[in-house]
Amino acid sequence: MQAASTEPLAETRVEVFAPERSLLVASLLSMSGGFLDAFTWLSLGVFASSQTGNVVFLGIHADLGQWHRALHHILPLAAFVLGAVVAVRSRAPLRCLAGEIACLTAAMLLLHRAPDQIVILVISFGVALQSASFRRVGDWNFLSVAVTGNMLRAIDQSFGASDRDAARGTATMLALCLMFLMGAVVGGCVTRWLGAWSLALPIALSACVLWLCRHPSHRH
């Protein structure tokens, strides 16, 4: 009888890469977040993404008894909470991303044709669908709609450990902060030139993310 070979059969292992956790996807979404905050502030006087700013202005206007202006900042807060609830309960990131694209497209067509309150609700709801669905980059949590949390995570990674993964985490968080800043700069410039049509850029960024997530690469 022929002795059985003791060598294990060679296997080709294919690892499916999760694009929704890639730095590229997180960077595109962070840039979109900064862009949309600049756009909505210049066009509508509120923040679509950074709800901290809306809370601050809500408190200031409420203290001054300017209830109409305070209500202006309640709208994006309420829409964002609703969108986040829908995203968390649905657990369907790609559908939520498609929902954001639909909301931004509707807002682009409705701006200056419908009341600002409706446009604010639509944009903030769409942004929440996306941001509540994409909250991981690599092994780390992140936010595509703000920089404070990402800055704190960068600092935590810098002083919390000294291994290579900690250094990568710091670099990743700082890169996302810079992408948010870049989005705000571009958003401020483009909004002054194109007005409502400047929303085509964050729509394109989200569409790119959707394409990347639907066409994952493979690692052998």
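Odds and ends about this structure:
- Set SER124, SER131, SER144, SER158: member being hydroxyl-bearing (Ser, Thr, Tyr), touching a helix residue (DSSP H, G or I) at 6+ places or on another chain (Cβ under 8 Å) and farther than 19 Å from VAL88 by Cα: SER158
- Test: residue in region 150-161 that is crowded, with 20+ Cβ neighbours inside 10 Å, over 15 Å from ASP37 (Cα atoms) and of a type in the set (D, E, K, R): yes
- Number of the exception - VAL127 against (1) in a helix (DSSP H, G or I); (2) buried (at least 22 other Cβ atoms within 10 Å of the Cβ); (3) of a type in the set (A, V, I, L, M); (4) modelled with pLDDT under 95: (4)
- Residues that are under 29 Å from LEU44 (Cβ atoms) and not hydrophobic (A, V, I, L, M, F, W, C), drawn from region 150-194: ASN150, GLY183, GLY187, GLY188, THR191, ARG192
The values are calculated or read from the model by the stated rules, or taken from the named source; none is laboratory data. None of the values given here were measured: they were computed from a predicted structure. Glycine gets a Cβ as well: all are built from the backbone with ideal geometry, and neighbour counts include every protein chain shown.
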